[in-house]
1. Regarding A:Leu79, is this residue part of a helix (DSSP H, G or I), aliphatic (A, V, I, L, M) and modelled with pLDDT of 80 or more?
2. Could you tell me which of the residues B:Arg19, B:Arg12 is charged (D, E, K, R) and assigned to a loop (DSSP other than H, G, I, E, B)?
3. Would you check which residues across region B:75-89 are outside any strand (DSSP E or B), within 11 Å of B:Leu56 (Cβ to Cβ) and touching a helix residue (DSSP H, G or I) at 6+ places or on another chain (Cβ under 6 Å) and list them?
4. For region A:6-61, enumerate the residues that are within 19 Å of the chain's Cα centre (by Cα), of a type in the set (Asp, Glu) and away from chain B (no Cβ under 14 Å).
5. Would it be correct to say that B:Leu133 is over 26 Å from A:Asp101 (Cα atoms) and either at pLDDT below 90 or not β-branched (Val, Ile, Thr) (or both)?
6. What pairs come up if the first residue lies in region B:20-36 and is within 11 Å of another protein chain (Cβ to nearest Cβ) and touching a residue at least 24 places away in the same chain (Cβ under 8 Å), the second is of a type in the set (Ser, Thr, Tyr) and buried (at least 18 other Cβ atoms within 10 Å of the Cβ), and their beta carbons are under 7 Å apart, counting only those six or more places apart or on different chains?
7. Residues to consider are A:Gln111, A:Gln99, A:Gln107, A:Gln89; find the one that is out of contact with any Leu (no Cβ under 9 Å at 6 or more places or on another chain) and either surrounded by 15 or more Cβ atoms within 10 Å (Cβ to Cβ) or modelled with pLDDT under 85 (or both).
8. Tally the residues that are at pLDDT below 90 and away from every other protein chain (no Cβ under 14 Å), restricting the search to region B:40-67.
Amino acid sequence: MPSETLVLDHVFQALANPTRRDVLARLGRGPAPMTELAKPFQMALPSFLQHLQVLEKCGLVRSQKTGRVRVFELEPQPLQAAEDWMKTQRLLWETRLDQLDAFLLSQKEKQK
Amino acid sequence: MTNTIKHQPDPRLDLVLERVIDVPKELVWKAWTTPDQILQWFTPAPWKTVECEIDLRPGGAFKTVFQSPEGDKTDNEGCFLEIIENEKLVWTSVMAGGYRPLATPVVEGCDNLAFTAVITMEAAGDGTKYTALVIHGDPESKKKHEEMGFHDGWGAALDQLVELVKKQLVG
């Protein structure tokens, strides 16, 4: 299991390219075969395939071959990692302040 | 207070937590600035704060030692930046006492712990309204993006993708 930081590094790297972002946006609407994904782009198929490989390697998409057609699908988990980092920080601070409030109320009781 | 900075939180990177509690603000201030009291609440359970050193002045050290449930200890250096008694307390984890810059603390599994915290408190009726603003850098991505000459746009791109993914998960 790669560390969270490593996953994020790869995700951000994968997102740092307009073609790959377009592909992800397209896959956000549902799975699609490679030929359909390649259609809007003016590039040779091998170059396009490389972009797909980058996305697949970092886990943002996965593909499955059915007969002669390879169908790609979005895998939202790594994208979630970027969001999760903030959630972890929030949880830490919420817990900290819950404890502070409990402590303050106990201090107030003592003063009475 | 007139010369103090106005903070503009970045919702992508910063946390704003606001609480109203039925105790006078002097008690809230004490809880944040007295080592004995910090030990009693500062670290989310089951972790504990086992040591705390506070030199309450700008540039003064704010040091804590955390202990995990397994007994492993972690030193946390910090430095106070701004102190207005009973009103505002600012410290950062990116410097130690005396404003000495620290190597970016990266802990496996906890990611990057670089932050600046701004605690403000004001009277609200008989109680206190206090706010914790936690300012983060862009630990995972900023350097990478600058290396790639890719400053703007990624935030929006990521937001859109996350939105798309969420829609897909619902749909």
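1. On the way: part of a helix (DSSP H, G or I): yes; aliphatic (A, V, I, L, M): yes; modelled with pLDDT of 80 or more: no.
Spelling it out, it is not the case that A:Leu79 is part of a helix (DSSP H, G or I), aliphatic (A, V, I, L, M) and modelled with pLDDT of 80 or more.
2. Working: B:Arg19 fails: assigned to a loop (DSSP other than H, G, I, E, B).
The match here is B:Arg12.
3. As a first pass, look at region B:75-89 and keep what is outside any strand (DSSP E or B): B:77-78, B:85-87.
Next cut, within 11 Å of B:Leu56 (Cβ to Cβ) only: B:85.
Of everything in region B:75-89, nothing turns out to be outside any strand (DSSP E or B), within 11 Å of B:Leu56 (Cβ to Cβ) and touching a helix residue (DSSP H, G or I) at 6+ places or on another chain (Cβ under 6 Å).
4. Result: A:Glu56, single match.
5. no
6. B:Ile21/B:Thr128; B:Val23/B:Thr128; B:Pro24/B:Thr128; B:Lys25/B:Thr128; B:Val28/B:Thr128; B:Val28/B:Tyr130
7. Numbers: A:Gln111 fails: out of contact with any Leu (no Cβ under 9 Å at 6 or more places or on another chain); A:Gln107 fails: out of contact with any Leu (no Cβ under 9 Å at 6 or more places or on another chain); A:Gln89 fails: out of contact with any Leu (no Cβ under 9 Å at 6 or more places or on another chain).
Going through A:Gln111, A:Gln99, A:Gln107, A:Gln89 in turn, the sole match is A:Gln99.
8. Number of matching residues: 1.
The values are calculated or read from the model by the stated rules, or taken from the named source; none is laboratory data. Computed from a predicted structure; not experimentally measured. Cβ atoms come from the backbone with ideal geometry, glycine included; neighbour counts cover every protein chain shown.
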